[in-house]
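The values are calculated or read from the model by the stated rules, or taken from the named source; none is laboratory data. Bear in mind that the values here come from a model prediction, so they are computed numbers and not experimental data. For neighbour counting, all protein chains shown are included, and Cβ atoms are generated from backbone atoms with ideal geometry for every residue, glycine included. Only protein heavy atoms, including side chains, enter the accessible area calculation; ligands, DNA and RNA are left aside. Shrake-Rupley method; radii C 1.70, N 1.55, O 1.52, S 1.80 Å.
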Amino acid sequence: MPRTARKKSLTGIYHVIWRGNNQQIIFECEKDYQYFIDLVQYYKEECHFKVYSYCLMDNHIHMLVKEDDVSLHIFMGKIATKFAKWYNLKYKRCGYLFQDRFKSEPVNDISYFLTVFRYIMRNPVKAGVVQNIADYRWSSFGAFRNEDDSFVDINDVVECFADYKACMKYLIEKQEVSEERCMEYYSKKRIPDEVALRMIEESTGCHSPSDFLHLDLATRNQYVKKMLRMGIPVRQLSRLTGVSRYIIQKIFRGLGLV
């Protein structure tokens with residue numbers, strides 16, 4: 001079966017995930033983490049892409065990047081191939097290191113850009129690896145904390161906020177991170193109606209389908225996107241908000257969740 005074509009980002013910005021083959025560990029020691037970061041830095045200079053956020057977990061990788069003249073699949077392929085060859089040689093193994101090709105999701109608006117930006121660096125907290133975002137070494141948080149733009153393009157991100165302090169506050173303050181799904185945690189299980197209704201009310205301020213339908217179109221669609229990312233299934237969301245299933249499915253496909 002041929003591979004599905006990647007969805008093209010209107011902004012050139014993508015959330016990228018690599019997974020270890022069969023969820024295997026891909027970073028066994030500090031040198032492995034550092035070598036991967038060094039590779040990204042090397043190819044960033046060669047291929048002129050931007051890095052807004054990253055996090056290296058033991059068996060998977062998150063990155064928020066922007067392509068320029070060189071396409072995403074080219075520079076990501078270079079990084080993956082080089083690291084896999086180095087890793088296999090170091091650990092005297094053969095075969096695929098990564099699970100198929102990397103996954104990518106287009107990031108087309110500022111709201112979702114900031115959600116992914118924070119989600120990536122809070123991944124170790126969500127996974128229970130650390131309690132505080134600052135305690136995890138292998139993410140881009142250190143660059144933001146130290147205002148170091150030598151590798152991570154922190155200035156582009158800070159411009160999305162009132163100032164640097166607002167950016168750091170957005171990262172550090174306790175958030176409802178369990179609701180930030182960002183490509184890899186979409187649930188296909190039905191959520192109890194009372195739970196879904198509470199999620200909708202707390203996130204939108206709407207107390208009924210009528211309230212939801214009276215929102216302006218742009219606001220309504222943004223909330224539909226948020227509810228889909230939170231894992232509320234299409235049919236249930238249609239039933240609880242009054243928005244037609246056709247419209248929600250169209251938004252769902254536009255998010256690249258299928």
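Run down the aspartates and glutamates and flag those whose C-alpha is under 13 Å from the C-alpha of residue 103, throwing out any fewer than 8 positions away in its chain.
Within the straight-line limit of under 13 Å, residue 103 reaches these aspartates and glutamates: 184.
Once neighbouring chains are kept in place and the probe is 1.4 Å, which whole percent of the accessible area of segment 10-75 is contributed by carbon and sulfur?
44 percent
Could you list, in their original order, any pairs among 7/31; 82/250; 44/169; 8/78; 7/126; 8/31 whose Cα atoms are separated by more than 31 Å?
7/31; 82/250; 8/31
Could you compute the net charge surrounding residue 158? Neighbours are other residues with a C-beta less than 14 Å from the C-beta of residue 158; K and R count +1, D and E count -1.
That sum, taken over residues with Cβ under 14 Å, equals -2.
Kindly write out, for segment 233-245 in residue order, the coupling ³J(HN,Hα) from the Karplus curve 6.51 cos²θ - 1.76 cosθ + 1.60 (θ = phi - 60°), rounded to whole Hz, with x marking Gly and Pro.
x, 4, 4, 5, 5, 4, 5, 8, 10, x, 6, 4, 4
How much length, in nm to one decimal, is gained on full extension between residue 163 and residue 24, taken as 0.36 nm per residue of separation minus their Cα-Cα distance?
Additional length available on full extension: 46.1 nm.
Tell me the mean residue ellipticity at 222 nm calculated for the chain from its helices only (DSSP H runs of n ≥ 4, each -39500 (n - 2.57), averaged over every residue, nearest 500).
-13500 deg cm²/dmol
Determine the order of 32, 69, 156 by accessible area, beginning with the largest, at a probe radius of 1.4 Å.
Solvent-accessible surface, decreasing: 69, 156, 32.
Among 122, 245, 19, whose mean-square fluctuation peaks in a Gaussian network model of the chain (Cα, cutoff 10 Å)?
Result for the chain, Cα springs under 10 Å: 245 fluctuates most.
Lys and Arg at +1, Asp and Glu at -1: add these up for the other residues within a Cβ distance under 12 Å of residue 246 and post the number.
Summing Lys/Arg as +1 and Asp/Glu as -1 gives +4.
All other residues with a Cβ under 12 Å from the Cβ of residue 31 taken together, and with Lys, Arg as +1 and Asp, Glu as -1, what is their net charge?
-3
Can you give the FRET efficiency to the nearest 0.05 for residue 93 and residue 245, using r as the Cβ-Cβ distance and R₀ = 45 Å?
In this case the efficiency is close to 0.40.
For residue 98, list long-range residues whose amide hydrogen, built 1.01 Å from N in the peptide plane, is under 5 Å from its own amide hydrogen.
21
Keeping every protein chain present and rolling a 1.4 Å probe, give me the accessible area per residue for the chain in Å².
Counting only protein heavy atoms, the per-residue value for the chain is 54 Å².
Stokes-Einstein diffusion coefficient for the chain at 37 °C in a medium of 0.692 mPa s, Rh from the Kirkwood formula over Cα pairs: what value in µm²/s?
167 µm²/s
Excluding same-chain residues fewer than 8 positions from residue 225, which aspartates and glutamates have a Cα within less than 13 Å of its Cα?
Residue 225 reaches 109, 179, 180.
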